[in-house]
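Presented below is the structure to which this report refers.
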C-alpha cells in the first residue's frame with residue numbers, strides 16, 4: 001500500500017491514528033505508520049510486532065473481532081525537529097460494552113520525513129495504578 005496521507009504535525013498523525021481506530025480500518029490506520037521495516041508495535045498483551053505487514057495483520061485481526069472506542073489522554077510529550085514522543089493514558093471501550101477496559105500506558109514515537117510525520121513505534125501496556133499511587137506518594141530526592 002502506498003502512503004498518500006501527509007501529517008503536518010505529530011498531533012495530526014495521532015488524531016488520524018485514533019480516527020482510524022474509531023472506524024475500525026486497518027488500512028487507514030497504516031497510513032499513519034512509517035513504511036520503515038523496523039516499525040514496532042507492542043500490544044498490551046506483550047506481543048511485539050516488527051514491520052508494517054505484521055502490524056497491519058494484527059490490527060486487522062483486532063478490528064475483525066470487535067469495534068473499539070478509545071479515550072486517550074496526553075500525559076507528556078517531547079518534540080524535536082525530526083522526532084516526537086507522546087506518552088498517553090488510554091481507556092478502551094469494546095463493542096457495546098459500557099464498561100471501560102484499562103487504563104493503558106501508551107508511548108507513541110513519531111518521525112518526520114519527506115511525507116510528514118509518521119508513527120514509528122507504539123508501546124502499550126496495562127497500567128498498574130496501585131503501584132503508581134505508591135510511587136506518587138514516595139518522596140522524590142535527587143542525589
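Miscellaneous remarks
- Restricting 24, 51 to residues that are surrounded by 14 or more Cβ atoms within 10 Å (Cβ to Cβ), more than 14 Å from the chain's Cα centre (by Cα) and within 17 Å of residue 70 (Cβ to Cβ) narrows the list to 24.
- For first residues located in the range 22-38 and in contact (Cβ under 8 Å) with a residue 12 or more places away in the chain and on the phi < 0 side of the Ramachandran plot, partners that are assigned to a loop (DSSP other than H, G, I, E, B) and surrounded by 14 or more Cβ atoms within 10 Å (Cβ to Cβ) and lie 6+ apart or on another chain with Cβ distances below 7 Å form the pairs 31/3; 31/5; 33/39; 35/3; 37/51.
- Taking the range 82-116 as the range and being more than 20 Å from residue 33 (Cβ to Cβ) and not in a strand (DSSP E or B) as the test, the residues that pass are 95, 96, 97, 98, 99, 100.
- Extreme residue, farthest from residue 36 (Cα to Cα), among residues of the range 117-130 that are surrounded by 15 or more Cβ atoms within 10 Å (Cβ to Cβ) and touching a residue at least 60 places away in the same chain (Cβ under 8 Å): 124
Computed from the coordinates by the stated procedures, all read-outs in this text should not be read as laboratory data. What you see is a predicted model, and the numbers here were worked out from it, not measured in a lab. With ideal geometry, Cβ positions are generated from the backbone for all residues, glycine too; neighbour counts draw on all protein chains shown.
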